[in-house]
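Q: Sending over a structure as structure tokens; questions will come in a sec.
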Amino acid sequence: MDMEIKLLIAGIIFLIAGLIMRSLKMKKPELAQSRVFKTIYEWVETIWSAVLLAAFIMYFFIQAFKIPSGSMINTLLIGDHLFVNKFAYGFQVPFSGGKRALPIFSVKRGNIVIFKCPPEALSPEEKQAGVKKDFIKRAIGIPGDTIEIIDKKVFVNGQEQIEPYTNFEIDYIQPRKAMFIRAENYQASWEQGRFTQQPVRDNFGPVVVPQGCYFVMGDNRDKSFDSRFWGPLNDKYLKGKALFIYWPLTRIRLIK
């Protein structure tokens, strides 16, 4: 269950408790004068206010996120707990189709972003079950960038990228499957998320990142299901920018 929902439930519980105690206070003035009642009533009001404030902050500004897989090793490990800045790229306007308001930053190459899993990244079983989940990856390409991967090396606009954060667990280089799709249809097929079962892990592209989209990859390149396979990340799925790890204590740090 999401932290925001937990806080909302807790807030409702304390609100109900406060209303009950206020009702008792009105109906039984003699009870309201007791020290125990006053103490409990003050605590309920204080906790409810704190929970309400926390829920507001979590809903609009900060999201707690737990790393569920090894796709970002060694930058982020399974079980790391981190906070996500939900307003860095602007607030999503409700019922606007993903439009954003008041953006502070734009997504830059190298940013670690959290986003709602695109439909193309869900299996048929997950789609049927209505599964909703979040992904965390690193932005490699921004709108207009040309992305190509040659023998595990990433090229952006023709320039090989220096990526000290990457991790490779498999020495074998998966070769490009000759003409598995016609060259003129490569871009369109990629944008449609049709590479989920294709051998594009180590040799991919070139493709151009569409406007309003990003190319994202996990730092653990051999074990990441990312834009190479399911296509460009549409801005409307973006949820925020990773801030820092807060748990476990031995791994507290800013995320870069």
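The values are calculated or read from the model by the stated rules, or taken from the named source; none is laboratory data. Everything numeric here is computed off the predicted structure, so don't read it as measured data. Note that each Cβ is placed from the backbone with ideal geometry, even for glycine, and that neighbours are counted across all protein chains shown.
Q: List every residue pair whose Cβ atoms sit under 9 Å apart, with the two residues 6 or more apart in sequence or on different chains, where the first one lies in region 120-144 and is part of a loop (DSSP other than H, G, I, E, B) and the second, anywhere, is acidic (Asp, Glu) and surrounded by fewer than 14 Cβ atoms within 10 Å (Cβ to Cβ).
A: That search, which allows pairs on different chains as well, returns VAL131/GLU125.
Q: Is it true that PHE215 is modelled with pLDDT of 95 or more and buried (at least 20 other Cβ atoms within 10 Å of the Cβ)?
A: yes
Q: Yes or no: LYS241 assigned by TED's automatic domain parsing to the domain that holds LYS132, surrounded by fewer than 17 Cβ atoms within 10 Å (Cβ to Cβ) and in contact (Cβ under 8 Å) with a residue 12 or more places away in the chain?
A: The answer is no for LYS241.
Q: Go through region 204-256 and give me each residue that's within 11 Å of ALA139 (Cβ to Cβ) and of a type in the set (Phe, Trp, Tyr).
A: Result: TYR214, PHE215.
Q: Taking the conditions exactly as written (under 25 Å from GLY79 (Cα atoms) and not hydrophobic (A, V, I, L, M, F, W, C)), does LYS133 satisfy them or not?
A: Answer is yes for this residue.
Q: Same structure, new question: Touching an Asp or Glu at 6+ places or on another chain (Cβ under 6 Å), of a type in the set (A, V, I, L, M), part of a loop (DSSP other than H, G, I, E, B) and surrounded by fewer than 18 Cβ atoms within 10 Å (Cβ to Cβ): does that describe ILE162?
A: no
Q: Right, next: Does PRO68 satisfy being more than 17 Å from the chain's Cα centre (by Cα) and either outside any helix (DSSP H, G or I) or modelled with pLDDT of 90 or more (or both)?
A: Answer is no for this residue.
Q: Right, here's the next one. For region 185-199, name all the residues that are surrounded by fewer than 22 Cβ atoms within 10 Å (Cβ to Cβ), in contact (Cβ under 8 Å) with a residue 40 or more places away in the chain and either on the phi > 0 side of the Ramachandran plot or not charged (D, E, K, R) (or both).
A: GLN192, GLY193, THR196, listed by residue number.
Q: For region 214-240: of the residues being part of a helix (DSSP H, G or I) and of a type in the set (A, V, I, L, M, F, W, C), which is farthest from the chain's Cα centre (by Cα)?
A: Taking the candidates together, the pick is PHE229.
Q: Which members of region 162-192 meet the condition of being at pLDDT 90 or above and polar (S, T, N, Q)?
A: THR166, ASN167, GLN174, GLN187, SER189, GLN192
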